[in-house]
Number of protein chains: 2
Amino acid sequence: MQAKTRHVSNTVIRRLPIYLRYLQELNRLGVETVSSQEMGRDLDINPAQIRKDLAYFGEFGRKGIGYNVPYLIAKICQILKLDRSIPVALVGAGHLGIALSNYNRLRQEQLSIAAIFDKDPSKLGMKVADLVVEPVDRLPDRVKERGIRIGIVAVPAPEAQGVADLMVRSGIRAILNFAPATLRVPDDVHIRYSDVTSELQALAYYVD
Amino acid sequence: MQAKTRHVSNTVIRRLPIYLRYLQELNRLGVETVSSQEMGRDLDINPAQIRKDLAYFGEFGRKGIGYNVPYLIAKICQILKLDRSIPVALVGAGHLGIALSNYNRLRQEQLSIAAIFDKDPSKLGMKVADLVVEPVDRLPDRVKERGIRIGIVAVPAPEAQGVADLMVRSGIRAILNFAPATLRVPDDVHIRYSDVTSELQALAYYVD
């Protein structure tokens, strides 16, 4: 059965990595099949939603049997383009940048930080997770040389827009922003926010 | 008009902090009213979705005029319980934990990190953002003493479940997890994941 090609919303795309992580855990535990009911229960997502999300891309499950875990992992990786290596540039070599770099190296994912930048002269030349911190004005060259496709903004809020602008000018079209600031980017650039304050604020709702 | 009391999904709650941050920026710029169309355009969210999300809690806008910015800020803060101080416990004093603590202190939000823990003896007594790192077995006592309501897990993945279990036993009912691991918690505990790998994976979809 052929995958459908209609537009898929950000919200659906955002859930695919959650499914993937869960399926990879099942796989490590030797689980071979999983139903949308079981997935829904473990992930606290409506099973009908899970079936609908996956159906955007093809028919991966069998009624009454469920999904084959290794097969679904391979399919989601393919959808998310994780079947190839995507180099990432990180700007900001503070505690957050270092944590992200170390974490990324440990995980050895297809998405690997290929260059790290900072504007602070005292940080230049510092070694972080096998990379050397470079001045931020090297970003455009490195993007071209290393085929960098994604940028991570890990600088203080007042500097974030400038870094995003430089990334866009360098040809990056996907940005993950950790700075607590709303950034303006052209329509063809995808931006995602990872904002601890927002995460905590959403949790506060559930505090009694 | 009275606020509706029906069940509101996690997805709606998650968008409220995004609206809030945006409105606070408008407020700083002196903007007094905003339409759902303008909000939708700036935030890349369907305006009908924004109107529907806010309508769960009451009628805050006026047709043809839009929302009053300071009023909507106050209302969203009230919905999210940000009109009072909520103490947070952080477990894990590595680079990520330090970045989170510094960031939190700078922001001076109602959600403030009130205690920081680690199991590594070499980190105990270390000063992080005006707090002193304490052994993790002090967590239950500190939760009681300081009225801590939210826990942040910033430890490596293999330790995350143990930390979450301890938080739950201590009475915490809302957890923000940074470890790349799916955690099992009782039904009455709300957990949110902040997983860089998942964020990057969702962005990879948009890379051409």
Fewest first, what order do B:MET39, B:MET167 take by the number of other Cβ atoms within 10 Å? B:MET39, B:MET167
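How shielded is B:12-21 by partner chains, expressed as the average number of their Cβ atoms within 10 Å of its Cβ atoms? If you can, show how the numbers build up before the last one.
On the way: counts 2, 6, 6, 2, 5, 11, 6, 0, 3, 8.
If you average over the peptide's residues, the count of other-chain Cβ atoms is 5.
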Largest fluctuation, B:ILE113, B:ILE152, B:ILE45 only, Gaussian network model of chain B with Cα springs under 10 angstrom, belongs to B:ILE45
Taking each residue in A:189-196, count the Cβ atoms of any other chain within 10 Å of its Cβ, then average. What number comes out? 5
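Placing +1 at every Lys and Arg Cβ and -1 at every Asp and Glu Cβ, with all other atoms neutral, what dipole size does the protein assembly as shown have around its Cα centre, in debye to the nearest 20? Numbers along the way, then the final one.
Numbers: 56 positive and 46 negative charges, 164 e Å.
Computed charge dipole of the protein assembly as shown: roughly 780 debye.
Where does the longest stretch of chain A lie that holds no trypsin sites (Lys or Arg not before Pro) found in a DSSP loop with 16 or fewer other Cβ atoms within 10 Å?
Numbers: sites that count: A:LYS4, A:ARG6, A:LYS63, A:ARG84, A:LYS119, A:ARG184.
Here the longest segment lacking exposed loop sites spans A:120-183.
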Who wins for biggest fluctuation among B:LEU20, B:LEU111, B:LEU29 in a Gaussian network model of chain B, springs between alpha carbons below 10 Å? B:LEU29
Result: in chain B the number of Lys pairs with C-alpha under 23 Å apart, spaced 8 or more or on different chains, is 12
Percent relative contact order for chain B, counting Cα pairs under 8 Å at least six residues apart, stands at 14
For A:ARG62, what charge total do you get from the other residues with a beta carbon under 15 Å from its beta carbon, if Lys and Arg give +1 and Asp and Glu give -1? 0
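Answer rounded, prolate or oblate for chain B, using the Cα gyration tensor with square roots of eigenvalues a ≥ b ≥ c: rounded when a/c is under 1.5, else prolate when a/b is larger than b/c, else oblate. Display every interim value, and only then the final one.
Values: a/c = 2.00, a/b = 1.81, b/c = 1.10.
Verdict is prolate for chain B.
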Measuring nothing but label to label, 7 Å from Cα along Cα→Cβ, what are B:THR33's distances to the other copies in nm, shortest first? 6.0
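Considering only DSSP beta bridges with both partners in chain B, what is the antiparallel share in %, to the nearest 5?
Numbers: 6 of 27 bridges.
Restricted to chain B, the bridges split so that about 20 percent are antiparallel.
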Using 7 Å Cα-to-Cβ label points, what is the A:SER85/A:ARG146 separation (nm, one decimal)? 1.1
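With the Cα gyration tensor of the range B:86-199 giving a ≥ b ≥ c as the square roots of its eigenvalues, does the rule (a/c under 1.5 for rounded; else a/b larger than b/c for prolate; else oblate) give rounded, prolate or oblate?
Details: a/c = 1.28, a/b = 1.17, b/c = 1.09.
Rounded is the answer for the range B:86-199, as its axis ratio a/c remains below 1.5.
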Quick one: angle between helix A:69-79 and the longest Cα principal axis of chain A, in degrees between 0 and 90, rounded to 10, please. 50
Yeah, the protein assembly as shown with a ≥ b ≥ c from its alpha-carbon gyration tensor (a/c under 1.5 is rounded, else prolate when a/b outruns b/c, oblate otherwise) is rounded
Longest principal axis of chain B (C-alpha) makes with the long axis of helix B:10-28 (C-alpha) an angle, in degrees to the nearest 10, of 70
Once the Cα atoms of the range B:2-79 are picked out, what are the Rg and Dmax in Å? 11.6, 35
Summing -39500 (n - 2.57) over every DSSP H run of at least 4 in the protein assembly as shown, dividing by its residue total and rounding to the nearest 500, the 222 nm mean residue ellipticity is -13500 deg cm²/dmol
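Bear in mind these aren't lab numbers, they're just calculated from the coordinates by the rules spelled out. Keep in mind that this is a model prediction, so the values were computed, not measured. With ideal geometry, Cβ positions are generated from the backbone for all residues, glycine too; neighbour counts draw on all protein chains shown.
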